[in-house]
1. Scan the stretch 286-306 residue by residue and report those that are out of contact with any Phe, Trp or Tyr (no Cβ under 9 Å at 6 or more places or on another chain) and hydrophobic (A, V, I, L, M, F, W, C).
2. Right, Leu183: at pLDDT below 85, touching a Ser or Thr at 6+ places or on another chain (Cβ under 7 Å) and open to solvent by 10 Å² or more (accessible area, probe 1.4 Å) or not?
3. Only one of (1) touching a residue at least 24 places away in the same chain (Cβ under 8 Å); (2) open to solvent by 30 Å² or more (accessible area, probe 1.4 Å); (3) over 21 Å from Gly320 (Cβ atoms); (4) assigned to a helix (DSSP H, G or I) is not met by Phe342, so which one is it?
4. Just one of the numbered conditions (1) surrounded by fewer than 23 Cβ atoms within 10 Å (Cβ to Cβ); (2) assigned to a helix (DSSP H, G or I) is not true of Thr111; which one?
5. List every residue pair whose Cβ atoms lie under 7 Å apart, where the two residues are 6 or more positions apart in sequence or sit on different chains, the first residue falls within the stretch 127-146 and is of a type in the set (D, E, K, R), and the second residue, located anywhere, is open to solvent by less than 10 Å² (accessible area, probe 1.4 Å) and part of a loop (DSSP other than H, G, I, E, B).
6. Could you list, in sequence order, the residues of the stretch 377-398 that are of a type outside the set (S, T, N, Q), more than 23 Å from Phe338 (Cα to Cα) and within 13 Å of the chain's Cα centre (by Cα)?
7. Answer yes if at least one residue in the stretch 370-384 is surrounded by fewer than 23 Cβ atoms within 10 Å (Cβ to Cβ) and farther than 21 Å from Gly35 by Cα, and no otherwise.
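The values are calculated or read from the model by the stated rules, or taken from the named source; none is laboratory data. Fair warning: this is a prediction, and the values are worked out from it, not measured in the lab. Heads up, the Cβs are rebuilt from the backbone with ideal geometry, glycines too, and the neighbour counts pull from every protein chain shown. Surface areas here come from the heavy atoms of the whole protein model, side chains and all, with no ligands, DNA or RNA. Shrake-Rupley method; radii C 1.70, N 1.55, O 1.52, S 1.80 Å.
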Amino acid sequence: MGRRDPEEGQLPAPVKPPDGGWGWIVLFGCFVITGFSYAFPKAVSVYFKELMKDFHVGYSDTAWISSIMLAMLYGTGPVCSIMVNQFGCRPVMLIGGLLASAGMILASFTTNIIELYLTAGVLTGLGMALNFQPSLIMLGTYFDKRRPLANGLAAAGSPVFLSSLSPLGQVLLEKFGWRGGFLIMGGLLLNCCTCGAVMRPLDMGMKRKMEKTQDKYEAKEMLPIGGKSEEGISTTDGTKKTKKTKKKTKKGKKLLDFSIFSNRGFIIYTISKFILVLGLFVPPILLVNYAKDTGVPDTEAAFLLSIIGFIDIFARPACGMVAGLKWVRPHVAYLFSFAMLFNGLTDICSARASNYTGLVIFCVFFGISYGMVGALQFEVLMAIVGSQKFSSAIGLVLLIEAFAVLIGPPSAGTYV
């Protein structure tokens, strides 16, 4: 795993995204990674009731598990950006998949809440972070014209996995207890390694063509034909010059580009996302326990997350398609602003949900607004900073949002 070529992980200017082909496989891998990264910290909340009994802790204490996971997912953004720029997307994702799985497996053997914070929180969260950011970078290199749709479809992984992992977690809890459930969940996270393996650098095929061309000229060079021999020599010299240029580019490449802070649009985006994220993950993390405390049966309480996920499944691709329309795409930032406002108003209105029917209605509207935010957030960021600076931008944005993710759910848990 030496230092990578510059084109691996981030797209060089001459290569145009194919908007298809192997990109659909990359899109599916990003779909799975996004599903685990966003849904897993919320799906783990079905185990919180048992953890509260076993470790004699309260709402706020268990909420820290999901918060630490999400904080690691967000807060290690710059580290992940540097690793991607240094080694490429594929090696980083393979390591991340192993770390995420190891964290949940070790969590099944813990004896106190602090050990859970370190294993399920820190280790698993770090592993998911090393998968999430590189998958988005690869998606951006494979899609351009269809990028809003691709982002919407990839973002749909979150609700699909949320609607399936939550009931699965409840079944595992009833049959194997929380320890057995954590162990099986750790095995499922190994699929992140498979997704990392399919993240093939975009210009790998071009490299092979160049190598074949170079071999042909080397063969001509060995033939006693004056003109063609000279042509082969000149081509070989040109190839050497190209290699020297690449080496210079590699040495001069920034591991993290802080110049994006001179972009006013980027600063506004970062501040608005920080405020949004303070409350964005509170309902999915605390909803199940809140419903159980109001007398809702455990299975029906876990089903509330499935409702959010089911609505979200349709909201994200639909919003991505709308954002891709010719007359909407230039104004996608305004659509994103509406999505954030809609999500905030939904949370305010949730205070009136005092029974199961009210909670179901809240989940429907929250799923729509949550899906809109998820489908548009990275499309807007890439539109602001461009694909070349996206790797550094997403790392810095996630770091700033990590503070909001870390304090949001536990703070809300103290008032439940």
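1. Within the stretch 286-306, Ala302, Phe303, Leu305 qualify.
2. Criteria not met by Leu183.
3. Only one criterion is unmet by Phe342, namely (3).
4. (2)
5. none
6. Passing the criteria: only Gly395.
7. yes
Per-residue answers, yes or no, for (1) small (Gly, Ala, Ser); (2) more than 27 Å from Pro134 (Cα to Cα); (3) modelled with pLDDT under 90:
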site	(1), (2), (3)
Val160	no, no, yes
Ser164	yes, no, yes
Pro201	no, no, yes
Lys207	no, no, yes
Glu230	no, yes, yes
